[in-house]
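Worksheet for the structure shown next.
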There are 2 protein chains.
Amino acid sequence: MNRVRIPILKLYDYLLVSIQWELDDQTALQFQEDLLNKIHETSASGVVIDLTSIDFIDSFIAKVLGDVIGMSKLMGAKVVLTGIQPAVAITLVELGISLNDVLTALDLEKGLEKLQQELED
Amino acid sequence: MNRVRIPILKLYDYLLVSIQWELDDQTALQFQEDLLNKIHETSASGVVIDLTSIDFIDSFIAKVLGDVIGMSKLMGAKVVLTGIQPAVAITLVELGISLNDVLTALDLEKGLEKLQQELED
């Protein structure tokens, strides 16, 4: 069967990712690797990760998400998380995932706008 | 395990899909259903399907692709295919998939621009 991977779209200077189902651990790690490679490959200056369709996140996935944001920053790409649902917000905070200085927005469109503002500053 | 589905991103008035691995038949049919539902749900006026990462397409997938384009049109959404590689172009033509009046473009950005032009007319 196909290996499950999360598609990463390049749009102008940004990468767009929409996570539309619950990730298993392997897929999450693969995503981490794929995203960092894609940032390197495309020299993207920003990434929008849309979680609108995700209504639950476990501690492992939350950690991977926190890690991938930190790693992307190290590589010079700003990350915006969009569409965080209440239960996901609760999990992230309760687990103490350090998303302090993470940009967030309501949806993909607003996420892109936020990136543009941030990068213009 | 997770069921494999192709994420469909909504950006403004458009839907973006990037197919980044070879589809099996079940995934292709699921994609067809998901895309049509999403067009209905979002009233999207255009769809960009990016095939940049696909270097091979079999006859079943080619047919599903042709079908989904026709169905989307019926629902009022224009479809642009982007990033068609040589081997994929050959397969589509050899199989006689009716992509005569399908819009194509080099990449996702150009696909979005083409949709915008078409919809302004």
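Quick note: the coordinates plus some simple rules give every number you see, no bench work behind them. Just so we're clear, the structure is a prediction, and the values are computed from it rather than from any experiment. Here the Cβ positions follow ideal geometry from the backbone for every residue, glycine too, while neighbour counts run over all protein chains shown.
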Strictly over 25 Å apart at the Cα level, which of A:K38/B:K73; A:K110/B:K63; A:K10/A:K110; A:K38/B:K78 would you flag in this model?
A:K38/B:K73; A:K110/B:K63; A:K38/B:K78
Starting from a label point 7 Å past Cα on the Cβ side, list the distances from B:E94 to the same position in the other copies, nm, shortest first.
5.5
Amide H partners (placed H, <5 Å) of B:K10, local residues excluded
B:L16
Put a label point 7 Å from Cα along the Cβ direction on B:E113, then list its distances to the equivalent points in the other copies in nm, shortest first.
2.5
Counting other beta carbons within 10 Å of each Cβ, put B:D101, A:D34, B:D55, A:D58 in order, fewest first.
B:D101, B:D55, A:D58, A:D34
About the Cα centre of the protein assembly as shown, how large is the charge dipole given +1 on each Lys and Arg Cβ and -1 on each Asp and Glu Cβ? Please answer in debye to the nearest 20.
100
Under a plain spin-label model, where a point goes 7 Å from the Cα along Cα-to-Cβ, how far apart in nm are A:D58 and B:M71?
3.2
Residue-by-residue Karplus 3J(HN,Hα) for the range B:4-17, coefficients 6.51, -1.76, 1.60, Hz, glycine and proline x
7, 10, 8, x, 10, 9, 9, 10, 6, 8, 10, 10, 10, 10
Spelling it out for A:G46: with amide H atoms placed in the peptide plane at 1.01 Å from N, the residues 5 or more places away or on another chain with amide H under 5 Å from its amide H are A:L15, A:K78
Just going by the charge dipole of the protein assembly as shown, with Lys and Arg at +1 and Asp and Glu at -1 on Cβ, which of A:I39, B:A105, B:S45 is farthest out on the positive end?
A:I39
Where the only charges are on Cβ atoms (+1 Lys, Arg; -1 Asp, Glu), what is the dipole of the range A:1-47 about its Cα centre, to the nearest 20 debye?
180
Computed helical MRE - 222 nm, chain B, DSSP H runs ≥ 4 contributing -39500 (n - 2.57), nearest 500
-15000 deg cm²/dmol
Gained length - B:N37 relative to B:Q117, 0.36 nm times residue gap less alpha-carbon distance
26.3 nm
Cβ-vector label at 7 Å, B:W21, separations to other copies in nm:
1.0
